[in-house]
Amino acid sequence: VGVENVLEGIIASKEQGLVNVNIGSHLIEGISDLDTGAQVSACIRPEEVTLAITQSSTSARNTFSGTITSMASTGPLVRVAIDCGFPLVALITTRSAEELKLKRGMEVCASFKATGVHIVKG
């Protein structure tokens, strides 16, 4: 399992080490010491992405609605690809996928913490 989500963007704003990366028409919050205007890749490991049926209040700084485009079972885990206006992959347990009754074409909320976004200069 590695970094499957590599999203190209530009740092739109920065405040106290927290940056907003402009990914198309979406903003992703992450931690970085790079300056505004820097071209970057926002890297998110799929196991950092949490899925829910409805949006709930959490400490995750990043929450996006999207549609499941594919699902692939790998034993105890399921790889879920989501179109949130940008491609995002989540890796969840088979039990979680079954409990949420996930299926292709379904709308979900994908969340991940700013600390789970690794910003590298692009």
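The values are calculated or read from the model by the stated rules, or taken from the named source; none is laboratory data. Given the structure is predicted, the values throughout are model-derived calculations rather than measurements. With ideal geometry, Cβ positions are generated from the backbone for all residues, glycine too; neighbour counts draw on all protein chains shown. The accessibility values were calculated without ligands, DNA or RNA, using every heavy atom of the protein model including side chains. Shrake-Rupley method; radii C 1.70, N 1.55, O 1.52, S 1.80 Å.
Summary table
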| quantity | calculated |
| --- | --- |
| Cβ-Cβ FRET estimate between residue 101 and residue 25, R0 fixed at 25 Å, reported to 0.05 | 0.25 |
| Accessible surface of the chain [probe 1.4 Å, protein heavy atoms]: carbon and sulfur percent | 50 percent |
| Positive minus negative residues near residue 66 (Lys, Arg vs Asp, Glu; Cβ under 9 Å) | -2 |
| Radius 12 Å from Cβ of residue 4, net charge of other residues (Lys, Arg +1; Asp, Glu -1) | 0 |
| Computed label-point distance, nm, for sites residue 94 and residue 41 using a 7 Å Cα→Cβ extension | 3.2 nm |
| Accessible surface, per residue, of the stretch 29-92 when the full set of protein chains is kept, probe 1.4 Å, Å² | 49 Å² |
| Gained length - residue 72 relative to residue 53, 0.36 nm times residue gap less alpha-carbon distance | 5.0 nm |
| Pairs of alpha carbons in the chain whose separation is greater than 17 Å (percent) | 54 percent |
| Within the chain, percent of DSSP bridges classed antiparallel, to nearest 5 | 100 percent |
| Count, lysine Cα pairs under 30 Å in the chain, 8 or more residues apart or across chains | 5 |
| Extreme residue, positive dipole direction of the chain, given options 86, 38, 25 (C-beta unit charges) | 86 |
| Rounded to the nearest 20 debye, dipole of the stretch 1-76 from Cβ charges on Lys, Arg, Asp, Glu | 160 debye |
